[in-house]
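Chemist: Structure provided below as structure tokens; questions to follow.
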Amino acid sequence: MLSAVPKRFNLARYCLAENARLHGEKIALTVVGDDHVQRWSYAQLDIKVRQLAAGFKSLNLKPGAHIMIRMGNEANAALAYFAAIAAGYVAFLASAQLTFDEAAFLLQDSEAAALVLGSSFSHEHYKSSGVTVLTPQALDALFLYEPIADYADTSAQDPAYLVYTSGTTSRPKGVLHAHRAAWGRRPMLTHWTGLRAEDVMLHAGAINWTYTLGVGVVDPLSVGAATVLYNGKPDPSVWPRLIERYGVSVFAAVPGVFRQILKYGALEQFDLSSLRHGLSAGAALPPNLSLEWRKRTGKEIFEAFGMSEISTFISTGPQTSLKTDSPGKAQPGRVVAALPIEDGCIPLDSGQTGLLAIQRDDPGMMLGYWKRPEEEQQAFRGDWFVSGDLVEFDEDGYMWRHGRADEVMNAGGFRVSPAEVEKCLLSFPNVAEAAVAERAGRDGETTIIKAFIVMRDAAPTDELAILAHCHSHLATYKRPKAVVFLEALPRNANGKLKRDLLV
């Protein structure tokens, strides 16, 4: 069972304060670039975070103000995240892949009072935004303040951070989490990640993603382990090289990264003896992929299933046997079930397909959707949070996936709303109708977003122009990779799109 969350609890203090006191000289965070390496001990992280927290407080923001952080995998992204929380504000790490229009929407929707920009973003675009914009130079100046004496005395229920996720609408929605979310991650430590204080964690994702932020930063720091992030040029061979160089014992990535490493990463050229196991989440792990990884490295990949509203809660791990095609079973202390698709709060029997649900009083559960009360109300059914995933549980408690009840796509581990992509496609000249679907790529293994277009009045078809339009208006992971032109979209008698017929 999950132990009770302390009533007074600050997420940043939980990760840094005690570790800084007990083993302050131990290296906590390493950020590796193409031509540089930055390293911080726990004591240094603790001081830096409290200095920046003091700097944030000097901005005279209202208590509980939102601070949006738009950076790549820079060390300052992690420092700003923890500093905002340490000062009692709400941190919001935005994706560096977003276009300006997408980021501008999130800035407005989140009601951020301050915006922290990384070195690759110009502050000129945000001059009229009405928020305090902090350039890298301005952020450096905030590190010069005397550190706050202690982390903010927050309640476990107070808001700590905001993330955005795609739903079924054309705009992303904010998911607000409390400080207790970090405590709610504790079942993962033994029943998925297996993280211990002596571990070195390497995560292949971007720090703004909840998978990377949680598994790659919060979890290792909470147990006193070391973590490594990479912000150089993408290269499949960089991951085994970093595993060898830094003695990585736990490596986390999406299935696509493991596939790229196996195909192009020259695994056999590197010493992976330090690696204990890999972690996979964000998309289903194909059995043949984990089998090939096991054959070539002698290591297991443990899979987990989760969502932005609660993080992972179904998994396999060092203490859980693997079953082919299943991401595992509920972590101890989690109460999960398959509920009737239409209505009802009584869990279905094993072997019956229903909507995946988890009890709403789980400490990892979100506080709610930011400014979306109607969607929040729809997400809960009695004492349950209900997802859009169709699943069944076997007699041993293992979960088996049967797709989505809604139409949300999974692109490289990111949830993507069809409506958001279709809205972009419809803004292209002479597009009469547009639909998108998740389909197999050319290799037959990876999945891509494919666009299906009906042009107006025999207008010319130009796939490259449409893809370029999407490139200008959508983040990389939201963009269609192929376009199919049709005379009409398949619809039923009531005019509803039959997405399953799009091929």
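The values are calculated or read from the model by the stated rules, or taken from the named source; none is laboratory data. These figures come from a predicted structure and were not determined experimentally. Cβ atoms come from the backbone with ideal geometry, glycine included; neighbour counts cover every protein chain shown. When the accessible area is computed, the model is the full protein with side chains, heavy atoms only, and any ligands, DNA or RNA have been set aside. Shrake-Rupley method; radii C 1.70, N 1.55, O 1.52, S 1.80 Å.
Chemist: Say the dipole of the chain comes from +1 at the beta carbon of Lys and Arg and -1 at that of Asp and Glu; which of 490, 455, 270 then lies farthest toward its positive end?
Modeler: Most positive-ward Cα: 270.
Chemist: Across the stretch 1-129, how many lysine pairs separated by 8 or more positions, or lying on different chains, have Cα atoms within less than 28 Å?
Modeler: 9
Chemist: Give the average over all directions of the projected area of the C-alpha convex hull of the stretch 159-232, one decimal, in nm². Could you put the intermediate results ahead of the total?
Modeler: Values: hull surface 24.2 nm².
Averaging across all directions leaves 6.1 nm² for the Cα convex hull.
Chemist: Right, another one. Any chance you could check the Cα centroid distance between the stretch 303-369 and the stretch 389-464 for me, in angstrom?
Modeler: First find each Cα centre; the distance between them is then 24 Å.
Chemist: What dipole magnitude, in Debye to the nearest 20, does the stretch 259-410 give about its Cα centre under +1 on Lys/Arg Cβ and -1 on Asp/Glu Cβ? Intermediate values should be presented prior to the final figure.
Modeler: On the way: 16 positive and 23 negative charges, 166 e Å.
Its charge dipole is roughly 800 debye.
Chemist: Next question, about the same structure. Let's see if you can work this out: charge +1 on each Lys and Arg Cβ, -1 on each Asp and Glu Cβ, no other charges. What is the dipole magnitude of the chain about its Cα centre, in debye to the nearest 20? Let's see the in-between values first.
Modeler: Working: 50 positive and 55 negative charges, 109 e Å.
It works out to roughly 520 debye.
Chemist: Moving to a separate point now. Which value at 222 nm does the chain reach when only helices count, each DSSP H run of 4 or more adding -39,500 (n - 2.57), with the total divided by all residues and rounded to the nearest 500 deg cm²/dmol? Walk me through the numbers before you get to the answer.
Modeler: Details: 13 runs with 123 residues, N = 503.
Theoretical 222 nm ellipticity from helices: -7000 deg cm²/dmol.
Chemist: P(r) tail for the stretch 349-489, what percent of Cα pairs lie past 25 Å? The partial results should precede the final answer.
Modeler: Details: 4340 of 9870 pairs.
Here the tail beyond 25 Å accounts for 44 percent of pairs.
Chemist: Within the chain, what whole-number % of the accessible surface is contributed by carbon and sulfur, with the 1.4 Å probe and all protein chains included in the calculation?
Modeler: Working: 10750 of 21250 Å².
Roughly 51 percent, rounded to a whole number.
Chemist: Given points 7 Å out from each Cα along the Cα-Cβ axis, report the residue 38 to residue 140 separation in nanometres with one decimal.
Modeler: Output for this residue pair reads 1.1 nm.
Chemist: In 5 Å bins starting at 0, how do the alpha-carbon pair distances of the stretch 279-403 split up by percent?
Modeler: P(r) for the stretch 279-403, in whole percents per bin: 2, 10, 21, 22, 19, 12, 7, 4, 2, 1.
Chemist: Another one. Considering only protein heavy atoms, with the full assembly of protein chains and a 1.4 angstrom probe, order 3, 166 by accessible area, largest first.
Modeler: Working: 3 60, 166 10 Å².
Descending accessible area places them as 3, 166.
Chemist: Rounded to whole Å and ordered largest first, report the semi-axes of the equivalent ellipsoid of the stretch 25-171 derived from its Cα gyration tensor (root of 5λ). Before the final figure, lay out the partial values.
Modeler: Values: eigenvalues 114, 72, 47 Å².
Result for the stretch 25-171: semi-axes of 24, 19, 15 Å.
Chemist: Also, I was wondering about something else. How compact and how long is the chain, expressed as Rg and Dmax of its alpha-carbon atoms in Å?
Modeler: 22.6, 71
Chemist: Tally the DSSP beta bridges in the chain and give the antiparallel ones as a percent, rounded to 5.
Modeler: The antiparallel proportion sits near 60 percent.
Chemist: Provide the gained length on full extension for the span residue 380 to residue 4, in nm with one decimal, where the gain is 0.36 nm per separating residue minus the Cα-Cα distance. Numbers along the way, then the final one.
Modeler: Values: separation 376, 0.36 × 376 = 135.36 nm, distance 2.26 nm.
Between residue 380 and residue 4, full extension yields an extra 133.1 nm.
Chemist: Quick one: order 210, 353 from most to least accessible surface, probe 1.4 Å. It would help to have the intermediate numbers written out before the result.
Modeler: Numbers: 210 45, 353 65 Å².
Final ranking, largest accessible area leading: 353, 210.
Chemist: While we're here: Using a Förster distance of 35 Å, how high is the FRET efficiency between residue 468 and residue 108, based on the Cβ-Cβ distance and rounded to 0.05?
Modeler: On the way: r = 26 Å, r/R0 = 0.75.
That pair, residue 468 with residue 108, gives E of 0.85.
Chemist: Ok, one more. With a probe of 1.4 Å, find how much accessible area the stretch 33-110 has per residue, and write the answer as a whole number in Å².
Modeler: Values: 2580 Å² over 78 residues.
Value for the stretch 33-110: 33 Å² per residue.
Chemist: Using +1 at the Cβ of each Lys and Arg and -1 at the Cβ of each Asp and Glu in the chain, identify which of 480, 145, 427 lies farthest towards the dipole's positive end.
Modeler: It is 145.
Chemist: Computed FRET efficiency, Cβ-Cβ of residue 294 and residue 402, R0 25 Å: what is it to the nearest 0.05? Mind dumping the intermediate values first?
Modeler: Working: r = 26 Å, r/R0 = 1.04.
Taking R0 as 25 Å, the efficiency between residue 294 and residue 402 is 0.45.
Chemist: Could you put 312, 446 in order of accessible surface area, largest first, with the 1.4 Å probe and the full protein assembly present? If you can, show how the numbers build up before the last one.
Modeler: Values: 312 10, 446 45 Å².
Per-residue accessible area, sorted high to low, gives 446, 312.
Chemist: What size of dipole, in debye to the nearest 20, comes out for the stretch 146-273 about its Cα centre when the only charges are +1 on Lys and Arg C-beta atoms and -1 on Asp and Glu C-beta atoms? List each step's numbers first, then the result.
Modeler: Values: 11 positive and 11 negative charges, 125 e Å.
Dipole of the stretch 146-273, to the nearest 20 debye: 600 debye.
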